[in-house]
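Trainee: This is the structure I have questions about; it appears just below.
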Amino acid sequence: MKPVVQLEQTGCGIASVAALADVSYTAAKRVANRMGISAADSRLWSETTYVRRLLRHYRLRSSIRTMPFVSWDALPNRALLAIKWHRIKERAFWHWVVFVRDSSGTYVLDSKKTLKQHVRKDFWCMKPRWFIEIH
């Protein structure tokens, strides 16, 4: 899989779905906007509903429930991970990334624009809270 860089500061959910769907950020953003989903809407990075709707649009199936992160080895081959989890005024927020285990190895696609490397293998630096399996 190839990483997709988010073109907006809060577009990690859109970029993660774009990577899974193998489309550009611009294309995924266009679809999201037509569906009433905006990177500026904090629900994109504080709820799972919008990301799940985008996944369905691209015919990507996901698990119904979020699962707590236990270990990197216990993750499924493809998953959306919630990292940088924190609370602001009783509301949870996080950064979406894509976990991949395939013939190329095990890695995380991180869409954050300021990163020098968007394919990450520094697992000890990331602190996942939970994940959504992608089937």
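Trainee: Answer rounded, prolate or oblate for the range 1-42, using the Cα gyration tensor with square roots of eigenvalues a ≥ b ≥ c: rounded when a/c is under 1.5, else prolate when a/b is larger than b/c, else oblate.
Mentor: In terms of gyration-tensor shape, oblate.
Trainee: Ranked by Cβ crowding within 10 angstrom, fewest neighbours first, how are CYS12, CYS125 ordered?
Mentor: CYS125, CYS12
Trainee: Rounded to the nearest 500, what is the 222 nm mean residue ellipticity of the chain from helices alone, with -39500 (n - 2.57) per DSSP H run of 4+ residues and division by all residues?
Mentor: One gets -6000 deg cm²/dmol as the mean residue ellipticity at 222 nm.
Trainee: Taking θ = phi - 60°, what integer Hz values does the Karplus form 6.51 cos²θ - 1.76 cosθ + 1.60 yield along the range 48-55, in sequence order, with x for Gly and Pro?
Mentor: Values, residue by residue: 9, 4, 5, 5, 5, 5, 5, 4 Hz.
Trainee: Straight-line reach from LYS121: which lysines have Cα under 28 Å away, leaving out those fewer than 8 places along the same chain?
Mentor: Filter leaves LYS2, LYS29, LYS84, LYS112, LYS113.
Trainee: So, one more: Tell me, ASP73, ASP110 in order of fewest to most beta-carbon neighbours within 10 Å?
Mentor: By the 10 Å Cβ count, ascending, the order reads ASP73, ASP110.
Trainee: Tally Lys and Arg at +1 and Asp and Glu at -1 over the other residues with C-beta under 11 Å from the C-beta of ILE64: what net charge comes out?
Mentor: Around ILE64, the charge tally is +2.
Trainee: OK, next. Provide the three semi-axes, in whole Å and in decreasing order, of the ellipsoid equivalent to the range 17-91 as defined by the square roots of 5 times the Cα gyration tensor eigenvalues.
Mentor: Semi-axes (√(5λ), whole Å): 22, 18, 10.
Trainee: Rounded, prolate or oblate for the chain? Axes are the square roots of the Cα gyration tensor eigenvalues, ordered a ≥ b ≥ c, and the cut-off for rounded is a/c under 1.5.
Mentor: rounded
Trainee: Where does each of LEU109, LEU80, LEU75 land when they are ranked from fewest to most other beta-carbon atoms within 10 angstrom?
Mentor: Fewest-to-most ranking of LEU109, LEU80, LEU75: LEU75, LEU109, LEU80.
Each value in this text was obtained by applying a stated rule to the coordinates, not by laboratory testing. None of these values were measured; they are calculated from a predicted model. Don't worry about glycine lacking a Cβ; one is built from the backbone with ideal geometry, like all the others, and counts go over all protein chains shown.
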